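K.L.:
Handing you this structure, nothing more for now.
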Amino acid sequence: MPTDRIHVNPDHIAYRKGVGVMILNHEGKVWVGQRQDSDQLIGPNTWQMPQGGIDSTETPWQAALREMKEEIGTVNVRLIQESRGWISYDFPEELHKILWGGRFYGQTQKWFLVEFLGEDSEININTRHPEFCAWQWVDASELPNLIVSFKRKLYITLLEEFKEHLKTA
């Protein structure tokens with residue numbers, strides 16, 4: 001049996017705690033950014049909503065605001081809804097070994113739906129540590145087709161949970 005295979009006791013899986021933010025503009029479209037590192041890690045043309053880890057001194061909402069500031073350069077938003085619970089996903093085996101030194105088998109995230117109150121000119125992805133090389137506003141229904149396959153179920157769950165606030169095409 002290969003020694004590099006991952007064998008996990010499901011009761012002891014380590015998940016990285018994090019947050020994610022679904023940002024709606026005044027037209028009801030959702031902000032997505034194209035990851036700079038996607039070609040090396042998971043393939044070309046990978047888009048996602050802002051997300052990241054929670055620091056030990058932060059609440060999930062504080063982490064969400066920090067991640068937005070770090071990733072898109074603004075926090076000019078109004079909170080609409082918080083996910084009812086934590087939503088988890090597993091990394092593919094080949095990514096598990098690369099990300100965060102192999103300490104985590106996936107992420108569990110608290111998600112926030114927010115309304116962007118500013119103008120597009122406020123969004124700046126050329127931040128101190130840029131994560132995105134491009135960004136766009138998309139219809140919410142497009143999200144599952146833009147995200148990497150291992151996060152697709154999470155995005156579908158978010159669309160269902162936030163559906164009363166989303167415009168459908």
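None of the figures in this text is laboratory data; all of them are computed from the coordinates on show. Everything numeric here is computed off the predicted structure, so don't read it as measured data. We place every Cβ from the backbone using ideal geometry, glycine too, and count neighbours over all the protein chains shown.
K.L.:
What ³J(HN,Hα) values, in whole Hz, does the Karplus curve 6.51 cos²θ - 1.76 cosθ + 1.60 give for the stretch 84-94 when θ = phi - 60°, with x put for Gly and Pro?
P.N.:
Result, ordered by residue: 4, x, 8, 10, 10, 8, 9, 7, x, 3, 5 Hz.
K.L.:
In the stretch 63-159, which trypsin sites (Lys or Arg not before Pro) fall in coil by DSSP and have 11 or fewer other Cβ atoms within 10 Å? Let's see the in-between values first.
P.N.:
Working: sites: R66, K69, R78, R84, K97, R103, K110, R128, K151, R152, K153; in loops: R84, K97, R103, R128.
For trypsin sites (Lys or Arg not before Pro) across the stretch 63-159 that sit outside H, G, I, E and B with at most 11 neighbouring Cβ atoms in 10 Å, the list reads R84, R103, R128.
K.L.:
So what J values fall out for the stretch 137-142 if you push phi through Karplus, 6.51 cos²θ - 1.76 cosθ + 1.60 with θ = phi - 60°, rounded to Hz, Gly and Pro as x?
P.N.:
3J(HN,Hα) across the stretch 137-142, in whole Hz: 9, 10, 5, 3, 5, 7.
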